[in-house]
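To keep things clear, I will list the structure first and then write my remarks on it.
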Amino acid sequence: MSTAPPKDTPITVAELAKHDGSDPSLPIYVAIKGDIFDVTKNPDSYGKGKGYNCFAGKDASRALGMSSLKPEDCVADYSTLTEKELETLDQWHAFFSKRYNIIGKVVV
């Protein structure tokens, strides 16, 4: 399965938050290390009430690095991750990159 070339469209944190799976008319986005992935094609994982919905509509880099599903860990700041956790985060980014299109970048 191939993905489209990555886009660098700037998307604000507030705009990203609207794409959390709660509005069925909007695509579902997950951001990792500032890159925003369109995960709409996998609503059984990222849709409202589903197992990985805590990652939807935000940059959840810290949680992915920690392999955590806790909402408090679903934040963009991954500066506190250990070297091993940073490797895990990079593996998640690679995993998403192979499966989902990057549709933009998070801007503050």
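Helical runs (DSSP H, four residues minimum) scored at -39500 (n - 2.57) apiece and divided by the length of the chain put the mean residue ellipticity at 222 nm at -8000 deg cm²/dmol.
Peptides 31-37, 74-80 ranked from most to least packed give 31-37, 74-80, packing being the mean of other C-beta atoms within 10 angstrom over each peptide's residues. Cys74 sits among other residues whose Cβ lies under 9 Å from its own Cβ, and their net charge, with Lys and Arg +1 and Asp and Glu -1, is 0. Here the chain has 56 percent of its accessible surface on carbon and sulfur atoms, given a 1.4 Å probe and all protein chains in place.
So what does Arg62 come to for accessible area, using a 1.4 Å probe and Å² rounded to 10? Here the residue's solvent-accessible area equals roughly 50 Å². Of the residues His19, His93, ranked by 1.4 Å probe accessible area with the largest first, the sequence reads His93, His19.
In the assembled protein chains, Ser25 presents an accessible area of approximately 90 Å² (probe radius 1.4 Å). In the chain, the DSSP beta bridges split such that about 65 percent are antiparallel, to the nearest 5. Ligands, DNA and RNA are left out, and with a 1.4 angstrom probe the accessible area of the chain is 58 Å² per residue. Mind checking which aspartates and glutamates have their C-alpha under 17 Å from Lys41, skipping anything on the same chain fewer than 8 residues away? Answer for Lys41, where 17 Å is the Cα cut-off: Asp20, Asp23, listed by chain and number. Note on the chain: Cα-Cα pairs beyond 18 Å make up 43% of the total pair count.
The values are calculated or read from the model by the stated rules, or taken from the named source; none is laboratory data. This one's a predicted model, so the numbers in the text were calculated from it and none came from an experiment. Backbone-built Cβ (ideal geometry, glycine too); neighbour counts: all protein chains shown. Remember, those area values only see protein heavy atoms, side chains included, never the ligands or the DNA or RNA. Shrake-Rupley method; radii C 1.70, N 1.55, O 1.52, S 1.80 Å.
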